[in-house]
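Below is one structure, written out as structure tokens; comments come after it.
The values are calculated or read from the model by the stated rules, or taken from the named source; none is laboratory data. Model, not experiment: these values are computed from the prediction. Reconstructed Cβ throughout: ideal geometry from the backbone, glycine too, with neighbour counts over all protein chains shown.
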Amino acid sequence: MLLSEETEPRFFELQKRGFIRGDDGHYLIRLKSSVLDEFFSGDSTPQQAEPVMDLVMSELLDDFDGSYEGRLHRLEALKFLHDQDVGTKYEEAFNLFDGQAHSCYSDAYPTPSASVHEAAGRGIKTLVAVEHDTFQGIEERLKAAEIVDKKVNVIPAIEVSFGDEILGQTVNSHICVLFPNIDYSGRFRVFLKEMDRAMLRIFEDVARVRHESYLRLGNVFNKLNPEYTVSDDEVLKFARGGFILGSHYGMALFSKYKGQEVNGIVLTDTKQGERVFAKGILSYSNEPAIVASELKEMMEQKRDVLPDLRTVEDFARRYHGVIVLGHPPEFASKPEDAMEITEAIADKYTIGGIAVYPAKHEQHIPLLVAIAEKINRTSKYHGRLVYTGESDTHGNVDVPEKNYGGIKQKMGMNKDHGLRCAEIVAGLKANCFP
């Protein structure tokens, strides 16, 4: 966020007095209640200090720096905010369990610390911290949960891109592996240290190749849409030092052409930006969704690095995780086909849960509940399959500039589905591979 003395005079007054000091782009907070009392003396009230604190803290929490020092800055900011018991006011979540939330380490806006800060502010009790094909940023979220006194229980997870032959067709999509028994940062560090490096590279290579594929797709988009181009640098700015994913093109297009109509789509938010990008490369890829286009492009470039589902299951089994099918409607373009694929995956492999309440696909919830119940009646599962819900949040929908996931994807979801945290977590732990 760019600040000026005209728009935020109190912030700059605090800075001039030495209460906020800038070091290499980071704000070192030295605000204390006595300082605020001094500054807002006279006609001002202590409540008037809160907007300034909110501004300062949100700036620091959202300031992404991938270095160790950057992580410490964010965690220190979170601790300060928690100790002062003054922070951003969020709308309370409908559901206290959220089965999928991303950070800037994949294709979302919030830093890991900011993600936990928002979850705590919304009253969420259990948050599944997930990134695409990497575990980066997960330890910071676990540490952030400890700083806020475990107001939020963070479950570490990874969303794996896979490619497999199912029911005679090639399915390229995502599947989640959760580790609900790893409940604090120290245990997670041991978990990563003991992990087979070759196994981890299988997933991280996918992230690298996806990055390269998106750069090629970006060039295709620019050639097919010469009036609405976005440069690599404009997109990389939103990747914040990480790998490029589809939503970063949505962010760049929305930022550059906000409010304009492009290819019949009005750019009202970054989700519409993603739609513009997908539609802009449709004639090239013949795929209506960004993810499908990206995965197809990877395959056509002879970069078949996607692990199959057997590899994913072996990984989950080896490290005592549990497989959860997140947003199953994305397994195929037609919902009915996606449900058949969901049933086939559950039959061939061992899964522990299904996100029957995905915020992105609320219209398909009855279909998802029906297929989950059908699977759960089989002798293989016998009622043990866990039903979860997920926002798949990529940003704070309360702040338009940070809404990188779409208006539906508010952390905690936007409807009350009656999810019971304790029961879901207990069921996921019970379904972990022994």
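Scanning the range 82-108 for residues that are assigned to a loop (DSSP other than H, G, I, E, B) and at pLDDT 85 or above gives GLU91, GLU92, ALA93, PHE94, ASN95, LEU96, HIS102, SER103, CYS104, TYR105, SER106, ALA108.
Just one of the listed residues (THR388, THR378) is over 22 Å from ALA157 (Cα atoms), β-branched (Val, Ile, Thr) and modelled with pLDDT of 95 or more, and it is THR378. Checking GLU261, GLU234, GLU313 one by one, the residue that is in contact with a Phe, Trp or Tyr (Cβ under 6 Å, 6 or more places away or on another chain), modelled with pLDDT of 90 or more and among the charged types (D, E, K, R) is GLU313 and no other. Is it the case that the range 265-281 has a residue that's surrounded by fewer than 17 Cβ atoms within 10 Å (Cβ to Cβ), hydrophobic (A, V, I, L, M, F, W, C) and under 30 Å from THR134 (Cα atoms)? No - not one qualifying residue is present in the range 265-281.
To keep it simple, each residue is scored yes or no on (1) touching a Leu at 6+ places or on another chain (Cβ under 8 Å); (2) outside the structural domain of LEU61 (by TED's automatic domain parsing); (3) crowded, with 18+ Cβ neighbours inside 10 Å; (4) in contact (Cβ under 8 Å) with a residue 40 or more places away in the chain.
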{"residue": "ASN396", "(1), (2), (3), (4)": "no, yes, yes, yes"}
{"residue": "VAL399", "(1), (2), (3), (4)": "no, yes, no, no"}
{"residue": "GLY406", "(1), (2), (3), (4)": "no, yes, yes, yes"}
{"residue": "GLN409", "(1), (2), (3), (4)": "no, yes, yes, yes"}
{"residue": "ASP416", "(1), (2), (3), (4)": "no, yes, no, yes"}
{"residue": "LEU419", "(1), (2), (3), (4)": "yes, yes, yes, yes"}
{"residue": "ILE424", "(1), (2), (3), (4)": "no, yes, yes, yes"}
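Can you find a residue in the range 183-197 that is surrounded by 17 or more Cβ atoms within 10 Å (Cβ to Cβ), of a type in the set (Gly, Ala, Ser) and not assigned by TED's automatic domain parsing to the domain that holds VAL160? Checking the range 183-197: not a single residue is surrounded by 17 or more Cβ atoms within 10 Å (Cβ to Cβ), of a type in the set (Gly, Ala, Ser) and not assigned by TED's automatic domain parsing to the domain that holds VAL160. Taken together, the residues in the range 232-271 that are among the hydrophobic types (A, V, I, L, M, F, W, C), under 21 Å from LYS408 (Cβ atoms) and part of a loop (DSSP other than H, G, I, E, B) amount to 2.
Condition check ((1) assigned by TED's automatic domain parsing to the domain that holds THR342; (2) modelled with pLDDT of 70 or more) across all residues:
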{"residue": "ILE265", "(1), (2)": "no, yes"}
{"residue": "THR268", "(1), (2)": "no, yes"}
{"residue": "SER283", "(1), (2)": "no, yes"}
{"residue": "ALA289", "(1), (2)": "no, no"}
{"residue": "LYS296", "(1), (2)": "no, no"}
{"residue": "LEU325", "(1), (2)": "yes, yes"}
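Of all residues in the range 333-358, those satisfying the criterion of being under 25 Å from ASN414 (Cβ atoms) and among the hydrophobic types (A, V, I, L, M, F, W, C) are ALA338, MET339, ILE354, ALA355, VAL356. Pairs are defined by a Cβ separation below 6 Å, a sequence spacing of at least 6 or placement on different chains, a first member in the range 187-207 that is more than 19 Å from LYS143 (Cβ to Cβ), and a second member that is among the hydroxyl-bearing types (Ser, Thr, Tyr); the pairs so defined are GLU204/THR134; VAL206/SER161; ALA207/THR134.
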